[in-house]
Amino acid sequence: MNIVVYLVNDNVAEFNFGFGSAMRLVELLPDASVSVCSDENSFVNELQNADVAVVWTFRQEWFTISPRLKVLATPAAGKDYFHVNPPDGVQLVYGTFHGAIMAETAAGMIIGMSRRLLQTAQLMTSQGKTWPRDAVSGKARRVRGSRVTILGFGHIGSEIGRILKPFGCRITGIRRSLAAAAPDWFGPEDRVISIADLDEALACTDHLVCVLPGGEQTTGLIGKKQISMLPDGAFIYNLGRGNAIDECALADGLSSGHIAGAALDVFAVEPLPDDSPLRTAPNTVLYPHSSAFSPDYMDLFAEELAGKLKKAAAG
């Protein structure tokens, strides 16, 4: 099996597939040959002998120079990432390992917002309030016993729920299909429900965590109506895709005080425009689409990819 890897990113160190990750892949697939390319030209030259191509982006015309290609893989989680139509016999493979990293980010957001850690840190630094105890008094909350609704209860959403469970949270997972069994860490107070029951779930939610994929079906799913259904003082988090939340409606909810705070990692337009109302909304913490950053990002991907390739080879 010839594996050709071209994973280079000039801005994010974690998104580069280096020597250590290549060695990990070779260790897990001792019968495979792994070529790591540092530029597009060398990658294209290697495609004629590639059984597996591992990339961030792939051009449609490259299929014509890849006669042996069986698998086109990317670490990216979103199924909207590849904008190609693969020929028959070529499988698209996406990363599903991100939950272990992103769950820690989500838990940090929820604890930080509940205990007013994030908001107060902003006040004491960028906003110049030297001793803002009034920003904490009467506003800090316990995480234990809170009701967490996870909209998009797949690989990532389930992992977020699992890591929050030891903090005493009550978890409601929402997904389109209820065919899969509930996680083994569920307690009697936890549940998985259909997207059809979203409105009912919102009414009893302290923390709404969105980890939805992109696409027409999820665009604007959390709009003005849904935000109004949340209890006064609820928090909103988004670590999925930015199209899912109406950002103007969210900014309005934050400004009115109906929404107690928001921690957002993704946006409808990225980078987030300077004039976005979210930049000036109160009790809002913004991240630059970085919830999955971690030094072991590519090692986790290499381990997952090796497992998938072994399974595919076994038939």
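With region 1-119 as the region, which strands (runs of 3 or more DSSP E) entirely inside it contain at least 3 residues that are over 27 Å from Gly154 (Cα atoms)? Write out each step before concluding.
Working: elements: 2-6, 33-36, 52-55, 71-73, 91-93.
Correct list: 2-6, 33-36.
Sort out which residues of region 96-148 are among the aliphatic types (A, V, I, L, M) and farther than 25 Å from Leu202 by Cβ, and write them in order of number. Working first, answer last.
Looking only at region 96-148, we keep the residues that are among the aliphatic types (A, V, I, L, M), and these are 100-103, 106-107, 109-111, 113, 117-118, 121, 123-124, 135-136, 140, 143, 148.
Those that are among the aliphatic types (A, V, I, L, M) and farther than 25 Å from Leu202 by Cβ: Ala100, Ile101, Leu117, Ala121, Leu123, Met124, Ala135, Val136.
Please indicate, with yes or no, whether at least one residue in region 175-189 is touching a residue at least 40 places away in the same chain (Cβ under 8 Å), of a type in the set (A, V, I, L, M, F, W, C) and either part of a loop (DSSP other than H, G, I, E, B) or touching a strand residue (DSSP E or B) at 6+ places or on another chain (Cβ under 8 Å) (or both).
Within region 175-189, the subset touching a residue at least 40 places away in the same chain (Cβ under 8 Å) is none.
So far as region 175-189 goes, no, none of its residues is touching a residue at least 40 places away in the same chain (Cβ under 8 Å), of a type in the set (A, V, I, L, M, F, W, C) and either part of a loop (DSSP other than H, G, I, E, B) or touching a strand residue (DSSP E or B) at 6+ places or on another chain (Cβ under 8 Å) (or both).
Looking at Gly18 and the list (1) more than 18 Å from Thr96 (Cα to Cα); (2) open to solvent by less than 70 Å² (accessible area, probe 1.4 Å); (3) touching an Asp or Glu at 6+ places or on another chain (Cβ under 8 Å), which single condition is not satisfied?
Among (1) more than 18 Å from Thr96 (Cα to Cα); (2) open to solvent by less than 70 Å² (accessible area, probe 1.4 Å); (3) touching an Asp or Glu at 6+ places or on another chain (Cβ under 8 Å), the lone unmet condition for Gly18 is (3).
For region 47-102, what are the residues that are open to solvent by 50 Å² or more (accessible area, probe 1.4 Å), charged (D, E, K, R) and under 20 Å from Ala306 (Cα atoms)?
Arg68, Lys70, Lys79, listed by residue number.
I'm trying to understand the selection: among the residues of region 24-38, which are charged (D, E, K, R) and under 27 Å from the mean Cα position of the chain (by Cα)?
Step one: list which residues in region 24-38 are charged (D, E, K, R), which gives 24, 27, 31.
Matches in region 24-38: Arg24 only.
The values are calculated or read from the model by the stated rules, or taken from the named source; none is laboratory data. All values reported here derive from a predicted model rather than from experimental measurement. Counting neighbours? That spans all protein chains shown, and the Cβs are built from the backbone with ideal geometry, glycine included. For accessibility, only protein heavy atoms count, side chains too; no ligands or nucleic acids. Shrake-Rupley method; radii C 1.70, N 1.55, O 1.52, S 1.80 Å.
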